[in-house]
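Below is one structure, written out as structure tokens, with a few remarks after it.
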Amino acid sequence: MRKTPRFRWRFLGALALTLCPSGWLAAAQPAPPVVIGLTAEFGVQGSHAAQSIEKGIALAIDEINAAGGVLGGRKLVLETRDDRGVPARGVDNFTDFAARPDVIAVFCGRFSPVALEIAPVASKLGLPLLDPWSAADDITKPRGMEPNYAFRLSLTDTWAIETMLDHARSRGISRIALFVPNTAWGRSSETVMQAYAKRHASLRHDVFWYNWGDTDFSERLSQARAKGAQAILTVTNEFEGLPIVKQMAALPPAHRLPIISHWGVLGGDFAASAHAYLEQVDFTVVHTFSFSNPNGPKARTVAAGVKRLFGIEVSQMRAQVGFAHAYDLTHLLARAVNRAGSTDRAAIRSALERLDAYDGLVRHYAKPFTLTRHEALERRQVSMGRFDRDGNLKSIAGK
């Protein structure tokens, strides 16, 4: 049998490709991935919140892709940028993400000043901002006539401060010393404190301002006690929270006051670093989620996923609230993409506002967001907790 010369096979192959309908070739190409961005404080020493948020997104993406991805088979991928907790860097990172048509949404990190600067940019550029930690109330509030592109699955300063104050009053505390930073977070918290005090005439408070990086709070603690404070309500991250607890523990036992803390201290190694002092100080902290609390099948499945994907037990994971919030928020985003039927950002925003019920890790979401409510959690998800001897955070009864 006569053999067909090689050049003829190449010619026939090229002819077949030329005559092949373009749809066949397109079908042979894998669909491009869908990108989720994250700008967070990866470079802030001692902070684990950004890494925890990243893990929450990554595990959710792993589960979504294993189930077929989004839009009939497109994979989700995560890209991260370090903003070091600096608002201008966060805005630059977000703007860079917005310039790329393959990016459908961007997560932010733990620091409210960064999220507050990004939120109006998100609405201007039409790219959803997803907030799994930052608590300042104004982050998700509409701005003028522009559509609101900021969505949060986290607590707010109002819920946090009110829960902390309810906890204080339930213990018979009527005089508070409020320690707040000279930042948007601090001002937001003070505003809530003032509004709460107007509704509860028996409650008295004094405000003590501090700057990021302050380490000596001994004089403020003495002044608070001299003014009759029965407890210290702190709005701090772990950087300032640790010296406050340490310096409180150094006082004579009769002079030590209870510390009721905002959840900023949950973003780093606070429990381990403050272990010796926490045994000497009455310390409680507001939060929304901990794997140390009794949890159902969903939490056990997620814990197994953490072990499989990251090689650690969930008990070893720091900043667990950031992980849990980001995990649920990623699943909600994927459902919104499928509901929108495309990667069009405006359509995804609209779909986020119209999602159906979803059983998440943090809660059951009957209707995660609405046209007028871009908060996926409610105040009833917020509770007070204490660290046990092993550094695990466990909720305590009541608010």
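Observations
- Residues satisfying the stated conditions in the stretch 132-161, i.e. within 24 Å of Thr80 (Cβ to Cβ), touching a residue at least 40 places away in the same chain (Cβ under 8 Å) and not small (Gly, Ala, Ser): Pro132, Trp133, Thr140, Tyr149, Phe151, Arg152, Leu153, Leu155
- Residue match in the stretch 257-271 (condition: in contact (Cβ under 8 Å) with a residue 60 or more places away in the chain, farther than 22 Å from Trp159 by Cβ, under 21 Å from the mean Cα position of the chain (by Cα) and assigned to a loop (DSSP other than H, G, I, E, B)): yes
- Among the candidates Ala304, Ala340, residue that is loosely packed, with under 14 Cβ neighbours inside 10 Å, modelled with pLDDT of 95 or more and of a type in the set (Gly, Ala, Ser): Ala304
- The set of residues in the stretch 302-348 being free of Cβ contacts under 8 Å to residues at least 12 places away in the same chain and either outside any helix (DSSP H, G or I) or under 20 Å from the mean Cα position of the chain (by Cα) (or both) consists of Gly311, Ile312, Glu313, Gln316, Asp344.
- The stretch 124-168: number of residues that are over 25 Å from Glu54 (Cβ atoms) and hydroxyl-bearing (Ser, Thr, Tyr): 2
- When the helices (runs of 4 or more DSSP H) confined to the stretch 131-228 are screened for residues that are modelled with pLDDT of 95 or more and in contact with a Phe, Trp or Tyr (Cβ under 7 Å, 6 or more places away or on another chain), those reaching at least 2 such residues are found at 157-170, 218-226.
- Gly360 being out of contact with any helix residue (DSSP H, G or I) (no Cβ under 8 Å at 6 or more places or on another chain), modelled with pLDDT of 95 or more and either within 16 Å of Asn295 (Cα to Cα) or open to solvent by less than 80 Å² (accessible area, probe 1.4 Å) (or both): no
- Scan the stretch 132-184 for residues that are under 30 Å from Ala351 (Cα atoms), of a type outside the set (Ser, Thr, Tyr) and open to solvent by less than 10 Å² (accessible area, probe 1.4 Å) and the total you get is 12.
- The stretch 283-301: number of residues that are over 20 Å from Trp263 (Cβ atoms) and either part of a helix (DSSP H, G or I) or modelled with pLDDT of 95 or more (or both): 4
- One residue stands out among those in the stretch 239-270 that are hydrophobic (A, V, I, L, M, F, W, C) and closer than 18 Å to Val44 by Cβ: the one that is surrounded by the most Cβ atoms within 10 Å (Cβ to Cβ), which is Leu266.
- Set Val34, Val44: member being more than 24 Å from Ile348 (Cα to Cα) and touching a Lys or Arg at 6+ places or on another chain (Cβ under 8 Å): Val44
- The number of residues in the stretch 321-337 being within 23 Å of Asp269 (Cα to Cα) and either among the hydrophobic types (A, V, I, L, M, F, W, C) or surrounded by fewer than 23 Cβ atoms within 10 Å (Cβ to Cβ) (or both) comes to 4.
- Taking the criterion of being of a type in the set (S, T, N, Q) and touching a helix residue (DSSP H, G or I) at 6+ places or on another chain (Cβ under 9 Å), the residues of the stretch 180-198 that qualify are Thr183, Ser188, Ser189, Thr191.
- Checking the stated criteria, Gln280 turns out not to satisfy the condition of being assigned to a helix (DSSP H, G or I) and either buried (at least 23 other Cβ atoms within 10 Å of the Cβ) or not aliphatic (A, V, I, L, M) (or both).
- Conditions (1) crowded, with 22+ Cβ neighbours inside 10 Å; (2) out of contact with any Gly (no Cβ under 6 Å at 6 or more places or on another chain); number of the one not met by Ala347: (1)
- Being open to solvent by less than 10 Å² (accessible area, probe 1.4 Å), among the aliphatic types (A, V, I, L, M), closer than 26 Å to Thr288 by Cβ and in contact with a Pro (Cβ under 7 Å, 6 or more places away or on another chain) is a property that does not hold for Leu233.
- In the stretch 104-117, residue surrounded by the fewest Cβ atoms within 10 Å (Cβ to Cβ) [restricted to those that are over 25 Å from Leu361 (Cβ atoms) and out of contact with any Asp or Glu (no Cβ under 7 Å at 6 or more places or on another chain)]: Pro113
The values are calculated or read from the model by the stated rules, or taken from the named source; none is laboratory data. The structure displayed is predicted, hence computed values, not measured ones. Counting neighbours? That spans all protein chains shown, and the Cβs are built from the backbone with ideal geometry, glycine included. Note: areas computed on protein heavy atoms with side chains; ligands, DNA, RNA excluded. Shrake-Rupley method; radii C 1.70, N 1.55, O 1.52, S 1.80 Å.
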